[in-house]
1. Among the residues in region 122-132, are any farther than 17 Å from residue 245 by Cα, open to solvent by less than 60 Å² (accessible area, probe 1.4 Å) and modelled with pLDDT of 90 or more?
2. With respect to residue 174, is the statement that it is assigned to a strand (DSSP E or B) and within 19 Å of residue 252 (Cα to Cα) true?
3. Assess whether residue 357 counts as being open to solvent by less than 30 Å² (accessible area, probe 1.4 Å) and touching a residue at least 60 places away in the same chain (Cβ under 8 Å).
4. Among the residues of region 399-422, which ones are under 19 Å from residue 46 (Cβ atoms) and open to solvent by 30 Å² or more (accessible area, probe 1.4 Å)?
5. Please verify whether residue 109 is acidic (Asp, Glu) and in contact with a strand residue (DSSP E or B) (Cβ under 7 Å, 6 or more places away or on another chain), treating the condition exactly as stated.
6. Which of the numbered conditions does residue 186 fail, given that it passes all the others? Conditions: (1) without any contact (Cβ under 8 Å) to a residue 12 or more places away in the chain; (2) assigned to a helix (DSSP H, G or I).
7. Residue by residue through region 252-302, note down the ones that are more than 25 Å from residue 144 (Cα to Cα) and in contact with a Ser or Thr (Cβ under 7 Å, 6 or more places away or on another chain).
8. When region 99-120 is examined, which residues are found to be open to solvent by 20 Å² or more (accessible area, probe 1.4 Å) and within 30 Å of the chain's Cα centre (by Cα)?
Amino acid sequence: MLIIENIMLALNGLRSNKMRTFLTMLGIIIGICAVITIMTLGQSVTNKFTDSMQSIGASNVTVMIQQKADEDEDGDAAAQGMMFMAAENQKVPTEKDYITDDMLSSLRENYDSEMLGIALSETVGTGKAEKGKLYANVTVMGINGDYFLSNAPAVLSGRMLTADELGGDRRIAVVSDKLVNNLFGGKNGNAIGETLEVTVGDSFYEYTIVGVYQYEQNVYMMNFGSEKDINTNVYIPIGTAQAATHSTAGYTMATVISAPGVDSTTFASRVERYLNAYYRTNRDFKVSAFSMESMVSQFASVLGTIQTAISVIAGISLLVGGIGVMNIMLVSITERTREIGTCKALGATNTSIRLQFIIEAVIICLIGGAIGVALGIAAGSIASNALGFPAKASIESILIALGFSMTIGVFFGYYPANKALDGWYIKNADGSFGEAVTKDTVFSGDEVTLIAK
């Protein structure tokens, strides 16, 4: 009951001094608001980044050909690195250096339970698709049947390429809705069956459109041009692309799509060791395999560190707000001298008086903290939405902020509470000090004043 009574007394006291209470809370409100805003924005950015990376296959293993470092006579590692980076030492892989279909088939057989497939692509080049005076910027890309296992776009009209078509060399293509907007007036259905004329460098290609997919902007490859000039992919069978580039011996890069639950970082190391067995006698090139998952984790960790550092800086205002609370509590104790002395004279214990002022300070900080949390969530949501990220307020950060504000109340309320327990004496009208206050002391109007000596 003592705690409940103290809470009621504290609330009544705060209501009787609304402006002073608000000004006391202001530092707490601003500090909590700043911390919650920063943590909400940071969490939103981190979630957007990880979700986007997962959607494009962050857990997949990218396999690519990499030039081996040349060994100089002294075997100096730094010198080797400089030679490797020097332009004159760069070598262009030839057909004998490519990753072949036989290598990938062997890899699939040995790690079948740990992978869903192997995505392959062959880029014909970047150019323009034209229809009269209309145009669209495109990149013509040949793909195999596993290419969309991890990141298939939404089909708006027609269909995607079938497995049989992807294994052949038919001149068919799936295009984006952006291309359809530029060339066919935005009517996706009207584009099906139309001939797409594409110029890549000095070469001219024609494809029959069999499907239209929904284009999605890659948040990590920002487009600063006009909507009309956005470059989108035109997907064709990989056999058709290889015929256009005259590259049928193999691939310089492949993507191994990991099965759910597989540790892609460890799997990447095993894939790299396995394929490099084919390159033991190759003096110029080797296979390098890596997973984006580890990079995603590192980036998220860096974002978290930055977010925490900024939150700590913003939290300094909480310290300032706490000092403000302590200052007001000291003023309040001075103003309530007679009340405190009366309570002590009536037998109030030191614990009850201390508890009364601590609870009052905690309530000030909790109310200020709650207002700060509400404002912080609102400000964080507005900032996140303005940047194009879905707002994500962390429950953990809210609880931490409220807990921290309560701790501030206890910490900065303790000293004023102890100040209230100093020895209280009667100060007579002539300025002299009388006896110490006890429960037997009798007060008569304004003839005496209670003061801490």
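The values are calculated or read from the model by the stated rules, or taken from the named source; none is laboratory data. On a predicted model such as this, the values are computed, not experimentally measured, just so you know. As a convention, Cβ positions derive from the backbone with ideal geometry for all residues, glycine included, and neighbour counts pool all protein chains shown. Ligands, DNA and RNA are excluded from the accessible area calculation, which covers all protein heavy atoms including side chains. Shrake-Rupley method; radii C 1.70, N 1.55, O 1.52, S 1.80 Å.
1. There is at least one residue in region 122-132 that is farther than 17 Å from residue 245 by Cα, open to solvent by less than 60 Å² (accessible area, probe 1.4 Å) and modelled with pLDDT of 90 or more.
2. Working: assigned to a strand (DSSP E or B): yes; within 19 Å of residue 252 (Cα to Cα): no.
Judged against the criteria, residue 174 is not a match.
3. Details: open to solvent by less than 30 Å² (accessible area, probe 1.4 Å): yes; touching a residue at least 60 places away in the same chain (Cβ under 8 Å): yes.
Yes.
4. Keep residues of region 399-422 that are under 19 Å from residue 46 (Cβ atoms), which gives 399-401.
Passing the criteria: 399, 400.
5. On the way: acidic (Asp, Glu): yes; in contact with a strand residue (DSSP E or B) (Cβ under 7 Å, 6 or more places away or on another chain): no.
Against the criterion (acidic (Asp, Glu) and in contact with a strand residue (DSSP E or B) (Cβ under 7 Å, 6 or more places away or on another chain)), residue 109 does not qualify.
6. With (1) without any contact (Cβ under 8 Å) to a residue 12 or more places away in the chain; (2) assigned to a helix (DSSP H, G or I) applied to residue 186, the lone miss is (2).
7. Selection gives 294, 296, 300.
8. Within region 99-120, 114, 116 qualify.
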